[in-house]
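All remarks here apply to the structure that follows.
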Amino acid sequence: MKILVVSDSHGNHQIISDLIDRYDHQVDGIFHCGDSELDLTDPLIPHLHIVKGNMDHAAFANQELVTLDQQTILLTHGHL
Ligand SMILES: [Mn+2]
């Protein structure tokens with residue numbers, strides 16, 4: 001299993017878009033650990049497992065459990 005983990009992009013939409021363009025078809029999942037500052041309606045969202053950070057205003061979940069390849073991953077920002 002290969003995953004890509006990113007966090008705290010703080011409104012840098014371009015870098016998340018670039019990561020998705022480059023890695024979406026090379027990894028089993030892209031995990032954003034919060035503070036993306038993306039909107040819920042952003043077209044990048046369907047490409048991500050994403051949670052809420054302390055600087056996010058969108059109603060992402062505070063944590064998410066994702067099972068891939070029989071491995072369970074806890075996705076959280078960590079501020080809670
Ligand atoms: Mn933060």
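The values are calculated or read from the model by the stated rules, or taken from the named source; none is laboratory data. Just so you know, these numbers come straight off a predicted model, no measurement behind them. Note: ideal-geometry Cβ built from the backbone for every residue, glycine included; neighbour counts use all protein chains shown. Accessible surface is based on the protein model in full, side chains and every heavy atom, while ligands, DNA and RNA are left aside. Shrake-Rupley method; radii C 1.70, N 1.55, O 1.52, S 1.80 Å.
Out of everything in segment 17-34 that is among the acidic types (D, E) and part of a loop (DSSP other than H, G, I, E, B), what residue ends up being least open to solvent (accessible area, probe 1.4 Å)? Don't jump to the end; show me each part of the working.
First, the residues of segment 17-34 that are among the acidic types (D, E): 18, 21, 24, 28.
So of that shortlist, the ones also part of a loop (DSSP other than H, G, I, E, B) come out as 24, 28.
Values: D24: 43, D28: 89 Å².
The extreme case among them is D24.
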Checked pairs for segment 52-64, first without any contact (Cβ under 8 Å) to a residue 12 or more places away in the chain, second within 12 Å of the ligand (Cβ to nearest atom) and of a type in the set (K, R), C-beta under 9 Å and 6 or more apart or across chains, list as A61/K52
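Looking at segment 42-80 only, could you name the residues that are closer than 18 Å to N12 by Cβ and over 11 Å from the mean Cα position of the chain (by Cα)?
Residues of segment 42-80 that are closer than 18 Å to N12 by Cβ, as a first pass: 42-45, 47-48, 50-58, 60, 77.
Passing the criteria: D42, P43, N54, M55, D56, H57, A58.
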Those residues of segment 4-16 that are in contact with a Leu (Cβ under 7 Å, 6 or more places away or on another chain) and either at positive phi or not in a helix (DSSP H, G or I) (or both) come to a total of 2
When segment 35-80 is checked residue by residue, the ones that are more than 16 Å from the ligand (Cβ to nearest atom), surrounded by 14 or more Cβ atoms within 10 Å (Cβ to Cβ) and in a loop (DSSP other than H, G, I, E, B) are D42, L44, L48
